[in-house]
Amino acid sequence: MKTQKWLIAGLSVALAGCLGWAIAACAPAENENENPPTPPHTHSYTQWAYDDTQHWHVCPDDNAVDPAGKSDHSFVNGACTCGKTLYTKTNDTVTFGEYPQTQVTDKNDSDKSLRNALSMAAGANPTSAAPGKWTSYGYYRAGVVEDSMWYIDLTQNGARYRGVYFDRWRSYDTQHGDTIDGTSYEYADSNQDNNGYTTNTVYWFKYEPIKWRILTEKNGEAFLMSGLILDARQYFSDPLHVRTVGNDQFLPNDYKESDIRTWLNETFFDLAFDTAAQARIKTTAVDNSVTSMRYEVSDVACDNTNDKVFLLSYADIVNTDYGFNADPNVKDMRRQLKTSDYANVQGVFSSDKKGTQGNGWWWLRTPYDWQSYALDVYEDGRASRDEWYSYYDAVSATYNGVVPALWIRL
Ligand SMILES: [Zn+2]
Ligand SMILES: [Zn+2]
């Protein structure tokens, strides 16, 4: 269409020249004919664009931004008309936030080429002297933070991936070193090798939506727990040290002063949720009283806390309102949780027994009676705490899983 138009215009100018009118006008006309100016483009702002918090229209031809400006998302059932999704809800699950979970394997050629592209972008493998683009997890060995396990976050074809690399086995306990009484523990006690991961190898994990189980729902709000064990880490790094802060003493299994509480509300909170998602997470008054421990009295209970993200308590995981069996000695399927690939590379305990294969142990926020220990849930869903048997671990154990819980505004 455009070409035809300009041919006709050129023809009429040529005719004008033949009639003997201003011949000088012919020259610029011919020049214009060779390089016709682009007719003015009228934007049509028909396409949505958005970031974490706002949306706006753009012209699909040139991505010009609609001068009408940007406005905040308006979510109905977790979705905005612009295409931004905050959460997806079914009867008993909510998909919300993102975390590295499934490993990128070599199952097919496209996975292989994806891994190669990611590894190229990640550059040289990190060392403590030259980490390059990688970030150290800063994990403990024998009570000291060291650089022997790293991560890198990259985007490839619009999807996010996390690379993980370690040149020594992660210590299974923050207080343990490589040897105890001359016996090497470094290799034997990390679950990383049991889970199929080895030193000096780069592994890639895809950021995927976190699937949460709805424990209860009321007044447009839902209480959620992660459906998978997402990560592995210690409850507190120093199992023997009672700290004195001001006039207060904090035991190693004090949840308020624990590493895991900080990690959940800072590292995990920032990594898993964008600003729009963060705004939907309620601050919960977390009960750390003897009631949450199902005790009458206890000298290891700590102050209540106000948290965005927290661990479940002993009282929570025997609460029938949340769908759990009231008896902690029952092998409750609802308490049996699988470990993600990403938790596995971190060295989480993941069962290889028939019947519980792929299930892990996971921390509760509830302290055990002795100050260096906290409760956890066993691979078969038992979580008893009685005079015959109790499931608990040294707070410094790094092989227990993290199962975040939170309240979300729907
Ligand atoms: Zn345009
Ligand atoms: Zn929007």
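The values are calculated or read from the model by the stated rules, or taken from the named source; none is laboratory data. The structure presented is a predicted model; accordingly, all values stated were derived computationally and were not measured. A quick note on method: Cβ atoms are made from the backbone with ideal geometry, for glycine too, and the neighbour counts reach across all protein chains shown.
In table form, for the structure just shown:
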{"read-out": "Tabulated pairs, the range 131-152, first more than 21 Å from residue 100 (Cα to Cα) and of a type in the set (Val, Ile, Thr), second modelled with pLDDT of 95 or more and exposed (fewer than 15 other Cβ atoms within 10 Å of the Cβ), C-beta under 7 angstrom, 6+ apart or interchain", "value": "145/138"}
{"read-out": "Residue 329 part of a loop (DSSP other than H, G, I, E, B), at pLDDT below 95, of a type outside the set (A, V, I, L, M, F, W, C) and more than 24 Å from residue 242 (Cα to Cα)", "value": "yes"}
{"read-out": "Scan of the range 148-162 for residues that are of a type outside the set (Ser, Thr, Tyr) and either touching an Asp or Glu at 6+ places or on another chain (Cβ under 9 Å) or in a strand (DSSP E or B) (or both), ordered by number", "value": "149, 150, 152, 153, 154, 156, 159, 160, 162"}
{"read-out": "Any hit, the range 69-84, residues being more than 10 Å from ligand 2 (Cβ to nearest atom) and of a type in the set (D, E, K, R)", "value": "no"}
{"read-out": "Selection from the range 48-66 of residues that are more than 14 Å from ligand 1 (Cβ to nearest atom) and either part of a loop (DSSP other than H, G, I, E, B) or more than 24 Å from residue 86 (Cα to Cα) (or both)", "value": "51, 52, 53"}
{"read-out": "Any hit, the range 344-352, residues being assigned to a strand (DSSP E or B), in the same structural domain as residue 284 (by TED's automatic domain parsing) and within 26 Å of residue 170 (Cα to Cα)", "value": "yes"}
{"read-out": "Some residue of the range 85-95 being within 13 Å of ligand 2 (Cβ to nearest atom) and free of Cβ contacts under 8 Å to residues at least 40 places away in the same chain", "value": "yes"}
{"read-out": "From the options 389, 342, 368, 373, residue that is surrounded by 21 or more Cβ atoms within 10 Å (Cβ to Cβ) and more than 28 Å from the chain's Cα centre (by Cα)", "value": "368"}
{"read-out": "Filtered residues of the range 92-125 (kept if assigned to a loop (DSSP other than H, G, I, E, B) and buried (at least 17 other Cβ atoms within 10 Å of the Cβ))", "value": "104, 125"}
{"read-out": "Residue in the range 230-248 that is assigned to a loop (DSSP other than H, G, I, E, B) and closer than 30 Å to residue 86 by Cβ present", "value": "yes"}
{"read-out": "Of residues in the range 126-144 being out of contact with any Ser or Thr (no Cβ under 7 Å at 6 or more places or on another chain) and outside any loop (DSSP other than H, G, I, E, B), the one farthest from residue 173 (Cα to Cα)", "value": "135"}
{"read-out": "Residues located in the range 253-276, provided they are over 9 Å from the mean Cα position of the chain (by Cα) and part of a loop (DSSP other than H, G, I, E, B)", "value": "253, 254, 255, 256, 257, 258, 274"}
{"read-out": "Single residue of the range 46-64 satisfying the filter (touching a Cys at 6+ places or on another chain (Cβ under 8 Å) and more than 10 Å from ligand 2 (Cβ to nearest atom)) that is nearest to residue 409 (Cα to Cα)", "value": "47"}
{"read-out": "Hey, residue 128 loosely packed, with under 13 Cβ neighbours inside 10 Å and more than 16 Å from ligand 2 (Cβ to nearest atom) or not", "value": "yes"}
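Table: residues versus (1) closer than 22 Å to residue 232 by Cα; (2) modelled with pLDDT of 95 or more; (3) not aromatic (Phe, Trp, Tyr).
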residue	(1), (2), (3)
321	no, yes, yes
334	yes, yes, yes
343	yes, yes, yes
372	yes, no, yes
389	no, no, no
